[in-house]
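Report on one structure; see the data block that follows.
Every read-out reported here was derived from the displayed coordinates using simple, explicitly stated rules and does not represent laboratory data. It should be emphasised that the depicted structure is a prediction, and the values quoted were computed from it without experimental measurement. Cβ: placed from backbone, ideal geometry, glycine included. Neighbour counts: every protein chain shown.
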Amino acid sequence: MPYGKVYLIGAGPGAQDLITMRGARLLAQADVVLYDALVTEEMLQLCPQAEKISVGKRAGQRSTAQGVINQQLVDCAARYGVVVRLKGGDPMLFGRADEELTALEQHGIEVEVVPGITTAVAAAAAAQQPLTKRGIARSVAFFTSSTAPGHPEELTIPSTDTLVQYMGGREAIATANNLLSQGRAPDTPVVVIENVSRPDQRIERITLAELAHGLPTAHGPVLVMLGKAMAPRPLQKR
């Protein structure tokens, strides 16, 4: 059976003009777009000609099973010439790309990955807070506590100068207590960003001790950045 080509495209953190030029060009050529819950309506305006299929996956909410998404990609490749799988951030970082690539490869379907700006980098830019800083932070780790079905929910935190937790809102208390038990100072600076790059973006600067009391209920994706490099720069207000 002849198949079309599938593109796994990173939409970036949310703002329409933060997608790559290649990603935007391919969206304009797409016959069908299967998009995540984190993809904004503004982003979908770049592909008015395409059939649009929501395959949203959000932590803690009812969502499309990954196996169903994999089959949808294969089915779409059998019907269309240009298939786009549009993912928030970058497909290769917490984007379930491995499962989707494997499913497509098993059917001999040609696939190309188009990178996107991952949320951590966009968050650092929004807060004007570099993730690395000479003499203070020379290592960075991105992590999440989300696990695959059937795997225990356990929080393993890397040991690096700067930590960035994706989908960190629900796990704020566990993260903070884990770090405090490991010996991190209670006054370790923390930057919490909700809805990075979007009009309703919200930035909050707190300490690790304050994080241990939890975060207010968020209405969008939350990213938590921790470490000495997150201390307010001299010209910034806390």
### Task
Quick one, can you get me the convex hull of the C-alpha atoms of segment 1-119 expressed as volume per residue in Å³?
89 Å³
### Summary
Phi-derived 3J(HN,Hα) across segment 116-123 with the Karplus relation (6.51, -1.76, 1.60, θ = phi - 60°), rounded Hz, x for Gly and Pro, is x, 6, 6, 4, 4, 5, 5, 5
### Message
Sort 217, 40, 144 by Cβ crowding within 10 Å, fewest neighbours at the top.
### Response
217, 144, 40
### Query
For segment 194-201, what does the Karplus curve 6.51 cos²θ - 1.76 cosθ + 1.60, with θ = phi - 60°, yield as ³J(HN,Hα) per residue in whole Hz, taken in order and with x for Gly and Pro?
10, 6, 3, 6, 9, x, 9, 4
### Query
Counting only residues 5 or more places away or on other chains, whose amide H sits under 5 Å from the amide H of residue 64 once H atoms are built in the peptide plane?
56
### Task
Could you go through segment 32-46 in sequence order and give the Karplus-derived ³J(HN,Hα) for each residue, using 6.51 cos²θ - 1.76 cosθ + 1.60 with θ = phi - 60°, rounded to whole Hz, and x for Gly and Pro?
8, 10, 9, 10, 7, 5, 7, 7, 7, 4, 4, 5, 5, 5, 7
### Query
P(r) of the chain in 10 Å steps, Cα pairs, percent per bin?
7, 31, 31, 20, 9, 1, 0
### Message
Restricting to lysines 8 or more places apart or on different chains, can you count the pairs in the chain with Cα atoms under 21 Å from each other?
### Response
7
#### Entry: For segment 119-230, diffusion coefficient by Stokes-Einstein and Kirkwood Rh (Cα), 25 °C, 0.890 mPa s, µm²/s
174 µm²/s
### Message
Can you say what percent of the DSSP beta bridges in the chain, counting only those with both residues inside, are antiparallel? Round to 5.
### Response
45 percent
## Note on the structure
One would report the antiparallel percent of DSSP beta bridges in segment 119-230, rounded to the nearest 5, as 80 percent
### Query
What Kirkwood hydrodynamic radius, in Å, does segment 167-233 give when the mean of 1/r is taken over all pairs of distinct Cα atoms and then inverted?
12.0 Å
### Message
What whole-number distance in Å separates the alpha-carbon centres of segment 89-113 and segment 28-58?
### Response
17 Å
### Query
Fewest to most neighbouring Cβ within 10 Å: what's the order for 159, 197, 139?
159, 139, 197
### Summary
Interchain or sequence-distant (5+) residues whose placed amide H lies within less than 5 Å of the amide H of residue 114 are 8, 9, 10
